[in-house]
1. I'd like the full set of residues that are more than 16 Å from residue 61 (Cα to Cα) and surrounded by fewer than 16 Cβ atoms within 10 Å (Cβ to Cβ), limited to the stretch 2-26.
2. In this structure, is residue 49 more than 13 Å from residue 3 (Cα to Cα) and touching a residue at least 24 places away in the same chain (Cβ under 8 Å)?
3. In the stretch 12-29, how many residues are under 14 Å from residue 46 (Cα atoms) and in a helix (DSSP H, G or I)?
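No lab work stands behind these numbers, since they all come straight from the coordinates. These figures come from a predicted structure and were not determined experimentally. Methodologically, a virtual Cβ is constructed for each residue, glycine included, from the backbone with ideal geometry; neighbour enumeration extends over all protein chains shown.
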């Protein structure tokens, strides 16, 4: 799985709306849409926050491990 697929899956599993996640990350919702479409990736700082929010490893979110 690629990052965008893992991100979409973890967002769904978290039961957070895109708006709620964007607010937690202090970013615009359009960023989340771009990540889900594979058009962009988060900064390292945001990526770290995503791992913490989703309670997953960076390797998992990047698709390097299951």
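1. Matches in the stretch 2-26: 15, 17, 18, 19, 20, 23, 24, 26.
2. Numbers: more than 13 Å from residue 3 (Cα to Cα): yes; touching a residue at least 24 places away in the same chain (Cβ under 8 Å): yes.
In short, yes.
3. Count: 6.
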